[in-house]
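Here is the structure we will look at.
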Amino acid sequence: MSRQKLKRFVDLKDRSNVLEDDSSLYYKLKGNWKKDFFKNEQPITVEVGCGRGEYSVGLARIYPERNFVGIDVKGDRLWVGSTEAIDEGLENVGFLRAQVQNIEKFFAPGEVDTFWITFPDPRPRDSDIKRRLTSPRFLEYYKSLLSNNGQVYFKTDNTFLFDYTLEVLNERKDVIDLAFTHDLYHSQYMDDHYGIKTKFEKMFYDKGETIKYLKFRFDHGK
């Protein structure tokens with residue numbers, strides 16, 4: 001492990017905007033994010049597999065009246081978003097270092113208002129289907145944690161993963177208001193992403209890849 005990574009891991013231990021498994025609040029926040037972490041009643045947006053937290057931080061700048069949580073297991077990546085938030089004095093954004101498949105241990109049903117899934121690993125092997133962040137398994141997690149009118153947003157450069165996701169969503173009876181495009185930057189949904197680009201998005205876009213985007217809600221009555 002590099003010295004830089006080691007230093008970042010040490011830094012995270014003392015940061016109030018990052019929760020790791022040695023934090024006293026780590027397993028106590030389920031259902032209590034607003035009261036115990038953010039100290040307000042603002043709605044919560046969760047960025048799943050947030051990496052450097054570009055969306056968590058970027059949206060926190062735009063919407064001071066909302067709370068944002070970025071989830072990722074890579075501490076050195078979370079350090080980047082955490083540092084940016086601290087430098088800018090953004091108190092409405094926090095980061096959770098955890099495996100995304102354990103998300104139900106950290107949020108209560110209905111506690112999340114919005115999910116952003118930004119450029120996840122496509123995991124093309126059949127043996128990895130359950131690990132795709134838009135697989136039926138994860139969609140059930142999102143549905144259980146979302147508020148009644150909660151929204152899910154998804155961006156990717158990967159055509160395989162995008163087509164897979166559309167197929168999964170179209171097979172469900174509880175998906176409503178589904179809208180999508182295979183070329184975000186030449187579509188009517190251009191303003192939906194607020195001009196925020198992740199590191200991977202910039203890299204693939206510069207290589208000529210189109211950015212795929214979709215959004216939808218769940219009908220909690222089905």
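Values computed for the structure shown
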| item | result |
| --- | --- |
| Residue list for the range 200-222, restricted to those being surrounded by 13 or more Cβ atoms within 10 Å (Cβ to Cβ) and either at positive phi or assigned to a loop (DSSP other than H, G, I, E, B) (or both) | Glu209, Thr210, Ile211, Asp219, His220 |
| Checking Tyr164 against (1) buried (at least 20 other Cβ atoms within 10 Å of the Cβ); (2) at pLDDT 95 or above, the condition it does not meet | (1) |
| Some residue of the range 126-145 being assigned to a strand (DSSP E or B) and in contact with a strand residue (DSSP E or B) (Cβ under 6 Å, 6 or more places away or on another chain) | no |
| Residue match in the range 78-101 (condition: more than 23 Å from Leu19 (Cβ to Cβ) and more than 16 Å from the chain's Cα centre (by Cα)) | no |
| Some residue of the range 167-183 being closer than 22 Å to Pro109 by Cβ, surrounded by fewer than 18 Cβ atoms within 10 Å (Cβ to Cβ), touching a residue at least 12 places away in the same chain (Cβ under 8 Å) and hydrophobic (A, V, I, L, M, F, W, C) | yes |
| Arg77 being surrounded by fewer than 23 Cβ atoms within 10 Å (Cβ to Cβ), within 20 Å of Gly150 (Cβ to Cβ) and either touching a residue at least 24 places away in the same chain (Cβ under 8 Å) or of a type outside the set (D, E, K, R) (or both) | no |
| Pair list, Cβ < 8 Å and 6+ apart or interchain, from the range 190-209 residues that are under 19 Å from Ala179 (Cβ atoms) to residues that are of a type in the set (Gly, Ala, Ser) | Tyr194/Gly58; Ile196/Gly58 |
| Test: residue in the range 118-141 that is at pLDDT 95 or above, surrounded by 14 or more Cβ atoms within 10 Å (Cβ to Cβ) and in contact with a Phe, Trp or Tyr (Cβ under 6 Å, 6 or more places away or on another chain) | no |
| Scope the range 177-193; condition touching a Lys or Arg at 6+ places or on another chain (Cβ under 9 Å), outside any strand (DSSP E or B) and more than 15 Å from Thr159 (Cα to Cα); matching residues | Tyr189, Asp192, His193 |
| Options Lys28, Lys5; residue that is in contact (Cβ under 8 Å) with a residue 40 or more places away in the chain, surrounded by fewer than 22 Cβ atoms within 10 Å (Cβ to Cβ) and more than 12 Å from the chain's Cα centre (by Cα) | Lys5 |
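The values are calculated or read from the model by the stated rules, or taken from the named source; none is laboratory data. Please read all numbers here as calculations on a predicted model, not as lab measurements. For neighbour counting, all protein chains shown are included, and Cβ atoms are generated from backbone atoms with ideal geometry for every residue, glycine included.
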